[in-house]
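The structure under discussion appears below in the form of structure tokens.
Since every read-out is calculated from the coordinates, none of them should be taken as a lab result. Here the structure is a predicted model, which means the values were calculated and not measured. As a convention, Cβ positions derive from the backbone with ideal geometry for all residues, glycine included, and neighbour counts pool all protein chains shown.
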Protein chains: 2
Amino acid sequence: MQKHYTLDDILAMERFFRRDFMNTISGYRSCHLLGTMSYKKVPNLGLFNSVTHIGATPPHLGFIMRPLTVPRQTYHNIKAQGYFTLNQITKDMMHQAHQASAKYEVDQSEFEAVGLKPQYTDLHPAPYVTESPIKLGLELAEEHHIKANGAIFVIGKIVEVMVDEKLVSEDGHILLEEAGILSVAGLDSYYQPALIDRLDYPRP
Amino acid sequence: MQKHYTLDDILAMERFFRRDFMNTISGYRSCHLLGTMSYKKVPNLGLFNSVTHIGATPPHLGFIMRPLTVPRQTYHNIKAQGYFTLNQITKDMMHQAHQASAKYEVDQSEFEAVGLKPQYTDLHPAPYVTESPIKLGLELAEEHHIKANGAIFVIGKIVEVMVDEKLVSEDGHILLEEAGILSVAGLDSYYQPALIDRLDYPRP
């Protein structure tokens with residue numbers, strides 16, 4: 001039996017019910033630890049599940065930053081330094097990654113708090129997560145203020161990629177399942193995807 | 001062994017290798033059939049893998065429309081009618097959904113071409129996909145032109161939701177795995193996710 005909800009029904013839902021309903025109804029998402037460096041040289045991590053492919057040439061990704069109604073360390077650091085990293089999550093890192101989304105003090109590094117190891121390159125100051133098999137370094141490119149709710153769509157240009165070489169197939173596909181990469185639904189439900197099939201390019 | 005790519009390395013990749021590399025490296029995505037109605041009353045479907053949660057209150061989702069370097073029926077219809085639908089994909093619909101992304105003529109309905117059934121409500125003209133267990137109706141809210149590559153970030157306000165009642169848990173979570181909802185990586189690799197765990201709200 002199909003249940004029908006109007007906008008009024010959704011707005012009348014209990015607050016946490018609506019949050020979980022709306023956060024899961026759009027389906028499976030990617031899950032990344034986003035690394036930034038603070039002015040005081042504290043490496044910061046945040047957990048993001050809204051990373052979106054913008055284009056391959058030149059390579060850009062975007063993500064949603066929630067409204068700036070409270071201090072947002074990640075946003076502050078990206079604006080101040082101009083760089084951030086995205087590090088995909090495996091099953092082995094699941095609990096540490098989830099814990100990194102707790103509200104730690106500004107001067108406490110989530111790396112230390114959850115037990116992950118920062119990794120640096122010469123190209124920019126933002127920290128990577130050593131334990132992640134797929135690490136992306138991005139330069140802030142542009143941002144769009146969303147009128148509907150005050151959120152910000154932040155877009156970065158990929159300037160660096162580090163990936164286990166066995167995960168790069170001959171035709172360029174990244175072998176996510178072999179890497180044990182997770183997907184997330186809503187804010188707390190972690191999934192392990194299994195490949196069903198890779199389909200041919202469709203023609204009418 | 002970790003492989004290292006700079007931006008120059010990525011830009012020097014063979015075109016299709018780079019497309020697949022960049023489309024898979026950001027991880028798992030949702031997969032939706034996007035329904036619109038044309039001026040000539042032809043119900044249109046397109047396949048999108050960039051739907052992103054913007055916020056729950058009021059409920060908004062966004063997706064990436066590729067640059068308007070060729071005619072884009074979906075974009076044209078959304079601009080003309082002001083409404084679109086998002087319909088999640090199950091394993092049973094996988095081949096039909098993938099085929100809906102083929103380049104059909106403007107006056108041919110993808111519903112007919114791939115064998116899916118349109119469903120309508122009184123609220124707006126855009127067609128839903130009857131076979132989908134999670135159907136969302138959206139009103140065009142705003143759009144953001146992405147300078148990096150000319151893509152458009154289209155944002156809609158959810159005005160209607162239809163979902164199998166057995167998929168709505170007591171606390172509001174939508175039970176994606178019970179619905180057989182798929183995830184996609186890149187443009188052609190379909191995955192069936194399995195729940196590992198739902199974690200508690202993290203505190204420092």
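Among the residues making up the stretch A:134-166, a single one is more than 8 Å from chain B (Cβ to nearest Cβ), touching a Lys or Arg at 6+ places or on another chain (Cβ under 9 Å) and under 14 Å from residue A:87 (Cβ atoms): A:138.
Quick one: is residue B:20 facing another protein chain (nearest Cβ under 7 Å) and acidic (Asp, Glu)? Considered against the rule, which asks whether it is facing another protein chain (nearest Cβ under 7 Å) and acidic (Asp, Glu), residue B:20 comes out as yes.
Checked against (1) polar (S, T, N, Q); (2) in contact with a Phe, Trp or Tyr (Cβ under 6 Å, 6 or more places away or on another chain); (3) crowded, with 21+ Cβ neighbours inside 10 Å, residue B:132 passes all but condition (2). If you check A:1, A:37, A:22, A:13 for being in contact with an Asp or Glu (Cβ under 8 Å, 6 or more places away or on another chain) and among the aliphatic types (A, V, I, L, M), only one passes: A:1. When you scan the stretch A:2-54, how many residues do you find that are on the phi > 0 side of the Ramachandran plot and under 19 Å from the mean Cα position of the chain (by Cα)? Number of matching residues: 1. Residues that are among the small types (Gly, Ala, Ser) and facing chain B (nearest Cβ under 7 Å) within the stretch A:167-204 comprise A:172, A:183, A:185, A:186, A:189, A:194, listed in sequence order.
Candidates are the residues of the stretch A:150-174 that are assigned to a loop (DSSP other than H, G, I, E, B) and surrounded by fewer than 18 Cβ atoms within 10 Å (Cβ to Cβ); the one that is nearest to the chain's Cα centre (by Cα) is A:150.
Tallying residues that are farther than 18 Å from residue A:22 by Cα and acidic (Asp, Glu) within the stretch B:133-157 yields 2. Hey, any hits in the stretch A:92-106 for a residue that's out of contact with any helix residue (DSSP H, G or I) (no Cβ under 7 Å at 6 or more places or on another chain), within 16 Å of residue B:27 (Cα to Cα) and facing chain B (nearest Cβ under 8 Å)? Within the stretch A:92-106 (the criterion being out of contact with any helix residue (DSSP H, G or I) (no Cβ under 7 Å at 6 or more places or on another chain), within 16 Å of residue B:27 (Cα to Cα) and facing chain B (nearest Cβ under 8 Å)), the answer is yes, since at least one residue qualifies. Taking the criterion of being closer than 20 Å to residue A:182 by Cα and either free of Cβ contacts under 8 Å to residues at least 60 places away in the same chain or assigned to a strand (DSSP E or B) (or both), the only residue of the stretch A:106-116 that qualifies is A:115. Pairs linking a residue in the stretch B:181-204 that is in contact (Cβ under 8 Å) with a residue 24 or more places away in the chain to a residue that is surrounded by fewer than 23 Cβ atoms within 10 Å (Cβ to Cβ) and among the β-branched types (Val, Ile, Thr), with Cβ atoms under 9 Å and 6 or more positions apart or on different chains, are B:181/B:90; B:182/A:196; B:182/B:90; B:189/A:196; B:190/A:196; B:191/A:196; B:192/A:196. Say we look at the stretch B:175-200 and pick out the residues that are among the aliphatic types (A, V, I, L, M) and surrounded by fewer than 23 Cβ atoms within 10 Å (Cβ to Cβ); which of these is farthest from residue B:88 (Cα to Cα)? In this case the residue turns out to be B:199. Restricting the stretch B:135-153 to residues that are in contact with a Leu (Cβ under 7 Å, 6 or more places away or on another chain) and not small (Gly, Ala, Ser) leaves a set whose member that is nearest to residue B:71 (Cα to Cα) is B:138. Only one entry in A:27, A:55, A:115, A:82 is touching a His at 6+ places or on another chain (Cβ under 9 Å) and farther than 27 Å from residue B:172 by Cα, namely A:82. Within the stretch B:117-176, being among the hydroxyl-bearing types (Ser, Thr, Tyr) and in contact (Cβ under 8 Å) with a residue 12 or more places away in the chain holds for B:121, B:128, B:130, B:132.
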